[in-house]
Amino acid sequence: MAHHALSSQESYNPNHLLDILLGKMQLKNDAALSRMLEVAPPVISKIRHHRLPVGASLLIRMHEVTGMSIRDLRDLMGDRRTKYRLSDAQGRPKPEEKAAQQAAQQAAQQQQGQPQAQQSPNDASSSTKSPGNYAH
């Protein structure tokens, strides 16, 4: 069974959060909670069995529905982290994107070094127009 990193915290207990939400919203079961939060019922089940973390979008939805602060919601599930850090991989361009960016930069540098050929007004307009008389 795959556990997420937050589940290694001793105090992490998403069941406590879900139980508090059930009581606060006067709901009978997890199916009613999933309807209120607008998520599929298996999401709640996976969270209860520590197979899925309570993600940011779900926390925001819980905040919207209950009016409780994000900090309070996180405290209820035992998430005591004060800072969140993105992994090194997040935010970096993918290798193929990086190669495309480098190629574009090289092309721009080469183009700056060479005089640009001027197009006649007819050539420029015909290459950018789409067929038909549509307003752009």
Check your understanding: Counting only residues that are part of a loop (DSSP other than H, G, I, E, B) and of a type in the set (S, T, N, Q), which one in the range 1-25 is modelled with the lowest pLDDT?
Key -> Gln9
Check your understanding: So, in the range 43-56, of the ones that are closer than 14 Å to Asn13 by Cα and of a type in the set (A, V, I, L, M, F, W, C), which residue ends up surrounded by the fewest Cβ atoms within 10 Å (Cβ to Cβ)?
Key -> Leu52
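The rows are residues; the columns are (1) farther than 17 Å from Asn15 by Cα; (2) assigned to a loop (DSSP other than H, G, I, E, B); (3) modelled with pLDDT of 70 or more.
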| residue | (1), (2), (3) |
| --- | --- |
| Ser87 | yes, yes, no |
| Gln105 | yes, no, yes |
| Gln109 | yes, no, yes |
| Gln116 | yes, yes, no |
| Ser126 | yes, no, no |
| Pro131 | yes, yes, no |
**Study point:** Criterion violated by Ser57 - all others in (1) within 30 Å of Lys24 (Cα to Cα); (2) among the hydroxyl-bearing types (Ser, Thr, Tyr); (3) at pLDDT below 60; (4) part of a helix (DSSP H, G or I) satisfied
**Key:** (3)
Review point. Looking at (1) at pLDDT below 90; (2) outside any helix (DSSP H, G or I); (3) exposed (fewer than 15 other Cβ atoms within 10 Å of the Cβ), which is the one condition that is false for Lys28?
Key: (1)
**Study point:** Looking only at the range 35-51, and only at residues there that are of a type outside the set (A, V, I, L, M, F, W, C), in a helix (DSSP H, G or I) and within 21 Å of Gly78 (Cα to Cα), the one that is nearest to the chain's Cα centre (by Cα)
**Key:** Lys46
Check your understanding: Within the range 57-66, can you find the residues that are of a type in the set (A, V, I, L, M, F, W, C) and surrounded by fewer than 15 Cβ atoms within 10 Å (Cβ to Cβ)?
Key -> Ile60
Review point. Of the residues that sit in the range 67-79 and are in a helix (DSSP H, G or I) and touching a helix residue (DSSP H, G or I) at 6+ places or on another chain (Cβ under 6 Å), which one is surrounded by the fewest Cβ atoms within 10 Å (Cβ to Cβ)?
Key: Ile70
Exercise for review: Determine whether Asp72 is under 32 Å from the mean Cα position of the chain (by Cα), of a type in the set (Asp, Glu), closer than 30 Å to Ser11 by Cβ and at pLDDT below 75.
Suggested key: no
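The values are calculated or read from the model by the stated rules, or taken from the named source; none is laboratory data. For clarity, every value in this text was computed on a predicted model and none was experimentally measured. Every residue, glycine as well, gets a Cβ built from its backbone with ideal geometry; the counts of neighbours run over all protein chains shown.
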